[in-house]
Amino acid sequence: MKNPGVGTGRVPDNTDTICMGKDSAFLPFNRCNLPARLLGSLSFQQHPVPLVLDGVETLHKSLFTHLQGLPDALSRGQRFMDYMTVHFCLEALEEAGLMPASGNKRANANYLRVLRGWAFDSNGREGAVLKGWVESRFGLTVQYHQGNFQFDRCKGLYGTNALESQLDLVYTYCQYELGLSHSLQSHITLYRGVNALDEYRVLQRDGKRAVVLMNNVSSFTNNRERADEFGDYVIEARVPVVKVMGYYDLLPKLLRGEGEFLVVGGVYEVNITS
């Protein structure tokens with residue numbers, strides 16, 4: 001039986017390989033259980049399977065064991081943040097090797113600052129860190145960054161304490177929570193408002209329906225009217241739950257936007273309306 005809404009039409013057979021040429025959207029290696037060309041494909045959007053980052057659940061097994069005994073999302077979120085503070089020495093950076101006299105202004109950068117910085121400016125330093133993390137972990141290359149992506153990424157990571165490893169745990173914890181709240185759902189319908197489509201590689205289009213290559217991470221919302229406030233076009237997508245790396249109430253004050261979701265990219269079949 002076909003899924004309702006987006007994705008009910010016949011899709012050209014070449015969309016999964018169209019991004020594999022000179023300007024490939026997929027790296028030959030990553031740090032999860034599926035190759036980039038598979039998890040970034042249209043087939044994956046339509047038929048997703050779990051994504052697991054290498055070694056994260058094993059390394060942090062004690063955290064997820066403790067979470068199982070907590071009754072609600074609020075208490076689990078607080079336990080997660082406490083664990084992050086202790087494990088990554090976020091309030092005792094000297095224990096992680098910081099020299100008190102070093103004057104390193106980036107030492108206090110952590111997962112919360114990255115995600116809040118993304119909400120403020122997705123093309124800034126924190127945005128580059130997040131895009132770089134997705135590139136490293138999932139093998140999906142950055143399609144759009146206003147500025148020098150590599151410079152911003154290096155600047156954002158320099159002098160920080162295992163910042164990308166912190167983001168590994170954010171994604172894994174997010175999937176843990178979504179597994180509890182969306183256990184019967186493989187997809188979530190989300191919306192993204194944009195002013196122009198020139199930052200997207202539109203692979204196929206037939207009226208409102210299109211197949212596009214999304215940036216390797218993007219912000220969406222679960223509110224159609226909210227998305228309409230952000231641009232002349234609204235992209236509607238059935239997003240695999242396993243491609244959500246964060247959402248507005250996962251942790252206290254995590255993302256500014258009401259109903260905001262951070263979504264890992266790749267090829268998507270979408271509806272585009274104006």
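The values are calculated or read from the model by the stated rules, or taken from the named source; none is laboratory data. Please read all numbers here as calculations on a predicted model, not as lab measurements. Cβ atoms come from the backbone with ideal geometry, glycine included; neighbour counts cover every protein chain shown.
For the stretch 190-244, residues that are within 21 Å of the chain's Cα centre (by Cα), farther than 28 Å from ARG37 by Cβ and of a type in the set (D, E, K, R) total 2. The listed residues are TYR191, TYR171, TYR176, and the only one of them that is modelled with pLDDT of 95 or more, of a type outside the set (Lys, Arg), in a helix (DSSP H, G or I) and touching a strand residue (DSSP E or B) at 6+ places or on another chain (Cβ under 7 Å) turns out to be TYR171.
Report whether or not GLU236 is over 30 Å from LEU70 (Cβ atoms) and charged (D, E, K, R).
Numbers: over 30 Å from LEU70 (Cβ atoms): yes; charged (D, E, K, R): yes.
Yes.
Quickly run through the stretch 65-77 and pick out the residues that are in contact (Cβ under 8 Å) with a residue 24 or more places away in the chain and surrounded by fewer than 18 Cβ atoms within 10 Å (Cβ to Cβ). Residue satisfying the conditions is ALA73 alone.
Figure legend. Inter-residue proximity from the stretch 161-176: first residues touching a residue at least 40 places away in the same chain (Cβ under 8 Å) and farther than 9 Å from TRP133 by Cβ, second residues in a loop (DSSP other than H, G, I, E, B) and of a type in the set (Ser, Thr, Tyr), beta-carbon distance below 9 Å, spacing 6+ or different chains. Indicated pairs: GLN166/THR160. Scanning the stretch 22-58 for residues that are part of a helix (DSSP H, G or I) and without any contact (Cβ under 8 Å) to a residue 12 or more places away in the chain, we see that the one that is surrounded by the most Cβ atoms within 10 Å (Cβ to Cβ) is LEU38. Screening the stretch 226-274 for residues that are charged (D, E, K, R) and in a loop (DSSP other than H, G, I, E, B) and picking the one that is modelled with the lowest pLDDT gives ARG256.
Among the residues of the stretch 35-77, those identified as within 20 Å of LEU180 (Cα to Cα) and basic (Lys, Arg) are LYS61, ARG76. Number of residues in the stretch 137-161 that are surrounded by fewer than 21 Cβ atoms within 10 Å (Cβ to Cβ), closer than 30 Å to LEU67 by Cβ and within 18 Å of the chain's Cα centre (by Cα): the value is 1. For the stretch 88-136, the candidate set comprises residues that are at pLDDT below 95 and among the basic types (Lys, Arg); within that set, the residue that is nearest to the chain's Cα centre (by Cα) is ARG116. Listed by first and then second residue, the pairs with beta-carbon distance under 7 Å, at least 6 apart or on different chains, first residue in the stretch 125-152 and among the basic types (Lys, Arg), second part of a loop (DSSP other than H, G, I, E, B), are LYS131/VAL142; LYS131/HIS145; ARG137/ASN30; ARG137/ARG31.
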